[in-house]
Number of protein chains: 2
Amino acid sequence: MTLPPALALRFLRALLAAAGEPQVRVRLWTGDEAGAPAAKAAGTLRVADAAALVRLALDPDLQLGDLFVEGRLEVDGDLAEFLTEVLRPRADVGLWKRLLPAGLRERALATGLGQATKNARHHYDVGNDFYALWLDERMVYTCGYFETPEATLEQAQVAKMEHVCRKLDLRPGEDVIEAGCGWGALALHMARHHGVRVRACNVSGEQVAWAREQAEKQGLQDRVTFVEQDYRELSGTCDAFVSVGMLEHVGPDHYPELGKVIQRTLRPHGRGLIHTIGRSRAQPLNRWTQQRVFPNAHPPTLGEMMQIFEPQDLAVLDVENLRRHYTLTARHWLERFEAAEARVETLVGRELARTWRFYLAGTVASFAVATIQLYQVVFSRAGNDRIPWTRAHVYDRGAS
Amino acid sequence: MTLPPALALRFLRALLAAAGEPQVRVRLWTGDEAGAPAAKAAGTLRVADAAALVRLALDPDLQLGDLFVEGRLEVDGDLAEFLTEVLRPRADVGLWKRLLPAGLRERALATGLGQATKNARHHYDVGNDFYALWLDERMVYTCGYFETPEATLEQAQVAKMEHVCRKLDLRPGEDVIEAGCGWGALALHMARHHGVRVRACNVSGEQVAWAREQAEKQGLQDRVTFVEQDYRELSGTCDAFVSVGMLEHVGPDHYPELGKVIQRTLRPHGRGLIHTIGRSRAQPLNRWTQQRVFPNAHPPTLGEMMQIFEPQDLAVLDVENLRRHYTLTARHWLERFEAAEARVETLVGRELARTWRFYLAGTVASFAVATIQLYQVVFSRAGNDRIPWTRAHVYDRGAS
């Protein structure tokens, strides 16, 4: 595909107008540039060829990511800041849809789906070594809790685990069930610092193996049991039920089922906490993320989440929205990822490395512009009177 | 209506069994007693005559209150504790419904509705003097916040107002809109202690008059404007939108409309708070309360409340469930009410006095057994970054 330079530039200007004039600069393969002045721009997008420009116009949701992964789009400047500016909701966002005939969009989408097959890999199948290159030392792959924005990622992940434990009001000797435990950091933290016994489940055999190894290294294997199990297979009962970063993968159709698992396992005076990426209004996940990185993920609204609790004898005690803490967490991950990019490429190849870099920058951007949120929801049986009187204990720096 | 004593006693025992054997004692007009041993019972219910026993059996939800108001049921012991035991959810609660033929229940309900006309008076039409007999000195008719259970009602109401202000992160010079301001205590507190300007609306002319008088007494009339208006008539914009104890009267059909009012009035960096009685699972209000005390009231679930926020560009930042604080608040009100009962009767008559005593005791009981909850929901525009980094400032006793 070729485009005369003058036509390409006019096409680009029309595109930028349709996108609501984001404060970014775009440089074409012809050397022509358009968009915000360099001094004001949140980055410069370099477009490698005419076909890339046309694909971008037809289906920006999907193609921005795909073309970046293919190396036909590059961003000079901070990738996360660039995406934040591009994703920022605009009053005239409807223009884009009006500009593009529905038929063209459908066809572009169909192409996208065809390509998806080769790209789509399960999110956690990339391997422990890959995550170890850019997560914190405890391998916590969920939103941290920054007591101040200056805290390090390591501090924020420890503070998050402690924040969860305080909200759960854990007491020594209690039994905890953790649904979806990742590499086991929270289970180990609870056992070590709060004297509880933990049964933690995860469907990923590789993560469970890693977690068991950590438990042995730390001498906690008698108090923490990691089981390769789905949350629906959980049996027994507990004083605290906790799930951090699993609900995104559960799917709203299964929320009532998760509620039944909690109803069955939580003892009368037990407490629970679910930590999840969510939304302030219902909408599907961005298509690129859905198709290329996180198949079948669904960030729920609080209204959707209530389908876990409201059919059961469970009352929500506390909800906290930690959206800005995730912007910061993902920013730390992105920085570490970019610093380790050469090693990442050696490990997983260039395509996957670029996919993940785009995904992490997009995560920073999505939390920054608030198309996604982070909810921590604390609950108990509706009539549980053995819960702390106020939430002050969570913030009492003198405590435990 | 007459019943042979032996038959009445057998009937009573069957009733207690059907009700799931609550730990209460019942004494009939015949002198016969049944139920839990006196030492274990949460109170003794005295039934005045056979017709009362039959009415109670046919429609306990409505008749327990009505017969109490008529003086044909009396409770020896603490009325709130008695009702807590009676209302406590039981595994075999279905029995009651199975025991009573649906037709009989319908007819009993129809009778109830007939009587309702003479009794139903609007909740706030009873008059300021009436409320002054048993509310705190500031006339705050919503759930208090007890930093410890030992706090006085006055302390708890001031602490609640302060808790709300801290959650809203009010700053001097800001504009606040309050929807449903009761007797104006919160509006005055915000202006006096946080240096904000407040426009507060209320549909009750009598309350607005009282509130204006307070504003003048306190020299705050330049900073607090009380308007006799419905929340839908609110105009202008604000840095903080607050509504404490109004949503119960709004009705779920109007939640999207309330959301539009907030969307229209809240400035880009504004914060909001809604404080309401709610439920952990959807069900209508107890029929007696609905028909005799609180016509058209509806305590929403959190899921229902999300219809305010999710259609708009609003994100929930924080939810706190203060259920047990309301048990305690209503307990204080009941104690003051009972201490002032002679004056209450002189003011509003015996029937209304008994109606209210039963209502307040029932409120203690309903929060104690958790059929109702108390939610404080903090929100802002979804992408508002000018909110406090954590909730620690709410609990920082060194602050303001």
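The table that follows gives values for the structure above.
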| read-out | value |
| --- | --- |
| Matching residues, the stretch A:29-39, being in a loop (DSSP other than H, G, I, E, B) and either within 15 Å of A:Leu15 (Cα to Cα) or not assigned by TED's automatic domain parsing to the domain that holds A:Arg10 (or both) | A:Asp32, A:Ala36 |
| Of the criteria (1) within 29 Å of A:Asn128 (Cβ to Cβ); (2) more than 8 Å from chain B (Cβ to nearest Cβ); (3) modelled with pLDDT of 95 or more, which one A:Gly349 fails | (3) |
| Evaluation of A:Val261 against (1) in contact with a helix residue (DSSP H, G or I) (Cβ under 7 Å, 6 or more places away or on another chain); (2) among the hydrophobic types (A, V, I, L, M, F, W, C); (3) under 26 Å from B:Pro311 (Cα atoms) (one fails), failing number | (3) |
| Within the stretch B:282-296, tally of residues that are of a type in the set (A, V, I, L, M, F, W, C) and within 12 Å of B:Tyr359 (Cα to Cα) | 3 |
| Pick from the stretch A:387-396, criterion outside any helix (DSSP H, G or I), at the interface with chain B (Cβ under 9 Å from one of its Cβ atoms) and surrounded by fewer than 16 Cβ atoms within 10 Å (Cβ to Cβ), ranking: modelled with the lowest pLDDT | A:Asp396 |
| Meets criteria (at pLDDT below 95, part of a loop (DSSP other than H, G, I, E, B) and hydroxyl-bearing (Ser, Thr, Tyr)) for A:Tyr124 | yes |
| Residue check, B:Glu257 under 26 Å from B:Ser380 (Cα atoms), open to solvent by 30 Å² or more (accessible area, probe 1.4 Å) and within 13 Å of chain A (Cβ to nearest Cβ) | no |
| Pick from the stretch B:313-346, criterion more than 8 Å from chain A (Cβ to nearest Cβ) and small (Gly, Ala, Ser), ranking: farthest from B:Pro252 (Cα to Cα) | B:Ala342 |
| Pick from the stretch B:377-386, criterion buried (at least 21 other Cβ atoms within 10 Å of the Cβ) and not basic (Lys, Arg), ranking: nearest to A:Phe379 (Cα to Cα) | B:Val377 |
| Restricting the stretch B:262-272 to residues that are away from chain A (no Cβ under 14 Å) and in a helix (DSSP H, G or I), the residue that is most open to solvent (accessible area, probe 1.4 Å) | B:Arg264 |
| Those residues of the stretch A:196-217 which are without any contact (Cβ under 8 Å) to a residue 60 or more places away in the chain and open to solvent by 70 Å² or more (accessible area, probe 1.4 Å), in sequence order | A:Arg197, A:Val203, A:Arg212, A:Glu213, A:Glu216, A:Lys217 |
| Residue match in the stretch A:151-166 (condition: open to solvent by 20 Å² or more (accessible area, probe 1.4 Å) and either outside the structural domain of A:Gly245 (by TED's automatic domain parsing) or not in a helix (DSSP H, G or I) (or both)) | yes |
| Test: residue in the stretch A:232-249 that is buried (at least 23 other Cβ atoms within 10 Å of the Cβ), over 21 Å from B:Ser280 (Cα atoms) and in contact with a helix residue (DSSP H, G or I) (Cβ under 9 Å, 6 or more places away or on another chain) | yes |
| Residue satisfying condition, being open to solvent by 60 Å² or more (accessible area, probe 1.4 Å) and either away from chain B (no Cβ under 14 Å) or at pLDDT 55 or above (or both), within set A:Thr84, A:Thr148 | A:Thr148 |
| A:Thr329 vs. criteria of a type outside the set (Gly, Ala, Ser) and buried (at least 23 other Cβ atoms within 10 Å of the Cβ) | yes |
| Residue within the stretch B:358-378 that is over 18 Å from B:Ala330 (Cβ atoms) and within 14 Å of chain A (Cβ to nearest Cβ) present | yes |
| Residue list for the stretch A:172-193, restricted to those being in a helix (DSSP H, G or I) and of a type outside the set (Gly, Ala, Ser) | A:Leu186, A:Leu188, A:His189, A:Met190, A:Arg192, A:His193 |
| Extreme residue, nearest to B:Gln307 (Cα to Cα), among residues of the stretch A:294-309 that are open to solvent by 30 Å² or more (accessible area, probe 1.4 Å) and either more than 10 Å from chain B (Cβ to nearest Cβ) or without any contact (Cβ under 8 Å) to a residue 24 or more places away in the chain (or both) | A:His298 |
| Among the residues listed as B:Trp288, B:Trp333, the single one being in contact with a helix residue (DSSP H, G or I) (Cβ under 6 Å, 6 or more places away or on another chain), aromatic (Phe, Trp, Tyr) and modelled with pLDDT under 95 | B:Trp288 |
| Scope the stretch B:167-180; condition without any contact (Cβ under 8 Å) to a residue 60 or more places away in the chain and either at positive phi or open to solvent by less than 10 Å² (accessible area, probe 1.4 Å) (or both); matching residues | B:Gly173 |
| Scope the stretch B:218-231; condition without any contact (Cβ under 8 Å) to a residue 12 or more places away in the chain and open to solvent by 70 Å² or more (accessible area, probe 1.4 Å); matching residues | B:Gln221, B:Asp222 |
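To keep it simple, each residue is scored yes or no on (1) within 10 Å of chain A (Cβ to nearest Cβ); (2) polar (S, T, N, Q); (3) touching a helix residue (DSSP H, G or I) at 6+ places or on another chain (Cβ under 7 Å).
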position	(1), (2), (3)
B:Ile274	no, no, yes
B:Arg279	yes, no, no
B:Arg292	no, no, yes
B:Pro311	yes, no, yes
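The values are calculated or read from the model by the stated rules, or taken from the named source; none is laboratory data. Note that this is a predicted model, so its numbers are computed, not measured. Cβ coordinates were reconstructed from backbone atoms using ideal geometry, including for glycine residues, and neighbour counts include every protein chain displayed. Please note that ligands, DNA and RNA were not included when accessible areas were found on the heavy atoms of the full protein model with its side chains. Shrake-Rupley method; radii C 1.70, N 1.55, O 1.52, S 1.80 Å.
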